[in-house]
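To start, the structure under review is shown below, and the notes come after it.
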Amino acid sequence: MTTQDDNMLGRARVADTPELEAYYRELATLEAGALWTVANKIEPWYPQPASVPVLWRYAELRPLVRKALDLVKADDAGRRVVMLVNPGRRDLSAAAGLLYTGLQIMGPGESMTAHRHQASALRFVHEGVGAWTIVDGEKLRVGPGDFAITPNGTWHEHGNEGTDEPVIWQDGLDIPLVNALDAGFYEVHPDLYQQARPVANESVLTYGGNLLPYGAENWTRPYSPLLAWPWEPTYQALRDLAKTTEGSPYDGVIMEYTNPVTGGSVMPTMSAHMQLLRPGQATKAHRHTGTVVYTAAKGHGVSVVAGQRLEWTKGDIFCVPSWAWHEHANLDQSDDACLFSFNDFPVMRSLGFYREEEKCD
């Protein structure tokens with residue numbers, strides 16, 4: 001590792017004087033400034049995220065999420081969501097880095113109006129039977145553990161066909177990234193609701209069989225034509241993979257949800273994974289650029305993030321800020337544990353920013 005000393009030659013090390021302070025005031029009158037006064041802060045030796053590790057316990061949040069049903073009408077809220085906010089990113093309404101997440105609840109028989117926006121979105125269902133979303137005319141029925149996407153610019157609306165219980169799912173969006181780039185747009189559907197095509201889950205029926213259908217090469221949009229991934233085949237794929245490989249030393253048996261046409265990430269700005277930790281497994285620590293939001297999909301475990309011990313159980317959500325050391329462990333000695341996660345790795349890789357390293361003992 002190279003020397004990292006802000007007093008060394010090559011770094012900004014100008015000492016203040018009365019003359020310089022007067023000079024800075026002159027520059028400020030013209031909305032200008034001297035780079036050397038901030039250079040070391042805006043070009044740090046390594047990433048200095050404002051985000052901190054946070055664990056949001058589902059058992060604590062769930063009563064407050066359900067409470068919103070009686071307090072706020074869906075039509076008035078647009079989307080009835082309790083957002084999860086990082087103490088270091090309150091100004092951006094971000095869970096960590098430039099990623100947003102929240103828990104959305106829909107009562108029995110409820111439906112939300114259709115809209116579209118610049119931000120890309122994803123859903124991970126926590127509980128309830130009857131959840132659905134319509135994405136550009138395709139109706140997707142989803143249940144607990146299922147993962148679905150709403151790519152940017154697509155019309156979408158949500159609802160609950162159930163008659164007894166509400167549905168709670170987790171939203172993940174790149175809203176803070178879009179806003180940081182001053183690229184946000186939002187539209188309400190001119191008819192308020194879409195007309196769904198007659199076949200539900202058509203993208204799952206078309207692309208969900210690990211075989212490319214005729215004409216797949218004609219798909220040219222920058223996101224996956226497959227819009228939903230059910231829990232059961234996802235979990236089975238992890239169990240099958242665990243029979244053939246040890247997996248990653250940092251993440252256990254991990255698989256990425258992918259665009260079946262390209263093999264790449266499901267959307268240009270966010271990717272998502274599901275990982276399995278064998279009974280009693282503890283991973284090695286590593287760190288990388290890019291932010292990750294995790295959700296415990298199954299089991300009971302602990303993750304150590306930037307030195308903080310975060311013990312999780314099913315439904316809990318936690319974040320790993322960029323360049324934070326982290327490792328995971330399954331605390332159950334007899335059953336596996338699974339973590340769902342989404343991240344901004346596609347952005348990091350597209351810009352040439354992605355870097356990863358293992359922690360040496």
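Within segment 291-311, is there a residue that is open to solvent by less than 10 Å² (accessible area, probe 1.4 Å), of a type outside the set (S, T, N, Q) and at positive phi?
Within segment 291-311, not a single residue is open to solvent by less than 10 Å² (accessible area, probe 1.4 Å), of a type outside the set (S, T, N, Q) and at positive phi.
Could you look through segment 102-157, keep only residues that are open to solvent by 20 Å² or more (accessible area, probe 1.4 Å) and touching a Ser or Thr at 6+ places or on another chain (Cβ under 7 Å), and pick out the one that is nearest to Leu339 (Cα to Cα)?
Asn152
How many residues, within segment 190-211, are open to solvent by 80 Å² or more (accessible area, probe 1.4 Å), not in a helix (DSSP H, G or I) and not polar (S, T, N, Q)?
Residues meeting the conditions: 7.
Can Cys338 be described as in contact with a Lys or Arg (Cβ under 6 Å, 6 or more places away or on another chain) and part of a strand (DSSP E or B)?
Against the criterion (in contact with a Lys or Arg (Cβ under 6 Å, 6 or more places away or on another chain) and part of a strand (DSSP E or B)), Cys338 qualifies.
Return yes when Asn218 is under 26 Å from Gln118 (Cα atoms), of a type in the set (S, T, N, Q) and over 24 Å from the mean Cα position of the chain (by Cα) and no when it is not.
Yes.
Considering each of Asp16, Asp5 in turn, give the residue that is part of a loop (DSSP other than H, G, I, E, B), open to solvent by 60 Å² or more (accessible area, probe 1.4 Å), under 30 Å from Lys359 (Cβ atoms) and without any contact (Cβ under 8 Å) to a residue 40 or more places away in the chain.
None of the other options fit; the residue is Asp5.
Looking only at segment 31-51, decide whether some residue is open to solvent by 60 Å² or more (accessible area, probe 1.4 Å), farther than 30 Å from Trp323 by Cβ, modelled with pLDDT of 95 or more and over 23 Å from the mean Cα position of the chain (by Cα).
Yes: segment 31-51 contains one or more residues that are open to solvent by 60 Å² or more (accessible area, probe 1.4 Å), farther than 30 Å from Trp323 by Cβ, modelled with pLDDT of 95 or more and over 23 Å from the mean Cα position of the chain (by Cα).
Just checking, does segment 226-244 include any residue being surrounded by 23 or more Cβ atoms within 10 Å (Cβ to Cβ) and touching a His at 6+ places or on another chain (Cβ under 8 Å)?
Checked segment 226-244: no residue is surrounded by 23 or more Cβ atoms within 10 Å (Cβ to Cβ) and touching a His at 6+ places or on another chain (Cβ under 8 Å).
Where residues in segment 273-299 are among the β-branched types (Val, Ile, Thr) and within 13 Å of the chain's Cα centre (by Cα), which of them is farthest from Tyr100 (Cα to Cα)?
Thr295
Please go through segment 232-272 and pick out each residue that is under 23 Å from Leu99 (Cα atoms) and outside any loop (DSSP other than H, G, I, E, B).
Hits for segment 232-272 are Ile254, Met255, Glu256, Thr258, Ser265, Ser271, Ala272.
Please specify each residue of segment 214-231 satisfying the condition of being polar (S, T, N, Q) and either under 30 Å from Ala297 (Cα atoms) or part of a loop (DSSP other than H, G, I, E, B) (or both).
Looking only at segment 214-231, we keep the residues that are polar (S, T, N, Q), and these are 218, 220, 224.
Correct list: Thr220, Ser224.
Every residue in segment 156-213 that is under 20 Å from the mean Cα position of the chain (by Cα), over 24 Å from Ala297 (Cα atoms) and among the polar types (S, T, N, Q), please.
Selection gives Asn179 alone.
Given the criterion under 28 Å from Glu232 (Cβ atoms), at pLDDT 95 or above and open to solvent by 10 Å² or more (accessible area, probe 1.4 Å), identify the matching residue among Ala337, Ala272, Ala282. Walk me through it before giving the result.
Details: Ala337 fails: open to solvent by 10 Å² or more (accessible area, probe 1.4 Å); Ala272 fails: open to solvent by 10 Å² or more (accessible area, probe 1.4 Å).
So the residue among Ala337, Ala272, Ala282 that is under 28 Å from Glu232 (Cβ atoms), at pLDDT 95 or above and open to solvent by 10 Å² or more (accessible area, probe 1.4 Å) is Ala282.
Only one of (1) without any contact (Cβ under 8 Å) to a residue 60 or more places away in the chain; (2) touching an Asp or Glu at 6+ places or on another chain (Cβ under 9 Å) is not met by Glu138, so which one is it?
Result: Glu138 fails condition (1) only.
Taking segment 168-189 as the search range and keeping residues that are in contact (Cβ under 8 Å) with a residue 24 or more places away in the chain and part of a loop (DSSP other than H, G, I, E, B), which one is nearest to Pro268 (Cα to Cα)?
My answer is Asp174.
Six or more apart or on different chains, Cβ atoms under 8 Å: show the pairs whose first residue is in segment 267-290 and closer than 19 Å to Gln308 by Cα and in contact (Cβ under 8 Å) with a residue 12 or more places away in the chain and whose second is of a type in the set (Lys, Arg) and open to solvent by 10 Å² or more (accessible area, probe 1.4 Å).
Note: pairs meeting the criteria are Lys284/Lys359; Ala285/Lys359; His286/Lys359; Arg287/Lys359; His288/Arg355; Thr289/Arg355.
Which of the residues spanning segment 88-101 are outside any loop (DSSP other than H, G, I, E, B), in contact with a helix residue (DSSP H, G or I) (Cβ under 9 Å, 6 or more places away or on another chain) and surrounded by fewer than 24 Cβ atoms within 10 Å (Cβ to Cβ)?
Leu92
The values are calculated or read from the model by the stated rules, or taken from the named source; none is laboratory data. Keep in mind that what you see is a predicted model, and the values were worked out from it rather than measured. Note that we place each Cβ from the backbone using ideal geometry, even for glycine, and neighbour counts take in every protein chain shown. For accessibility, only protein heavy atoms count, side chains too; no ligands or nucleic acids. Shrake-Rupley method; radii C 1.70, N 1.55, O 1.52, S 1.80 Å.
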